[in-house]
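Written below as structure tokens is the structure these notes are about.
The values are calculated or read from the model by the stated rules, or taken from the named source; none is laboratory data. Predicted model only: the values in this text are computed from it and were never measured. Quick reminder, even Gly has a Cβ in these numbers, built from the backbone with ideal geometry, and neighbours come from all protein chains shown.
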């Protein structure tokens, strides 16, 4: 399995991963656009939760914003293309559920991409299972056992 750290991948692999994220996002946008009106309050919630899990998962997996941005762009482009059909749209009507779907995608993408990347401080590696810090430890020295008289 390739290293999940996006920044360590070669340029062609990064381009391929971004293209896959864009394509999967477009497929998710297609499915969500068709399904969000299925059960009026529940359908849009499930569709938006799916988009949120996808975009946030890409953001957490890649370590950078590129995969999540490509995935969110795919969802947004497909939903936008389907919403602006010629002669009016029956897929995304101008009602509360349709607006929730379109603006919800935008809000999810904004929050996932604007979230800061928190880096942990590097931890020194231990030489043994007890750790290499035993020499500089503030613990009291070990007491040697004496044989019983």
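Among the numbered conditions (1) crowded, with 17+ Cβ neighbours inside 10 Å; (2) in a helix (DSSP H, G or I), tell me where residue 37 comes up short.
(2)
Checking the condition under 16 Å from the mean Cα position of the chain (by Cα), crowded, with 18+ Cβ neighbours inside 10 Å, outside any loop (DSSP other than H, G, I, E, B) and at pLDDT 80 or above, which residue from 60, 52, 69 passes?
Unique residue meeting the criteria: 69.
Do we find that residue 11 is within 19 Å of residue 113 (Cα to Cα), free of Cβ contacts under 8 Å to residues at least 24 places away in the same chain and either more than 12 Å from the chain's Cα centre (by Cα) or buried (at least 16 other Cβ atoms within 10 Å of the Cβ) (or both) in this structure?
no
When you look at residue 79, is it under 28 Å from residue 95 (Cα atoms) and outside any helix (DSSP H, G or I), yes or no?
Spelling it out, it is not the case that residue 79 is under 28 Å from residue 95 (Cα atoms) and outside any helix (DSSP H, G or I).
Return the residues of the stretch 32-49 that are touching a helix residue (DSSP H, G or I) at 6+ places or on another chain (Cβ under 8 Å) and modelled with pLDDT of 90 or more; say none if nothing qualifies.
32, 43, 44, 46, 47, 48
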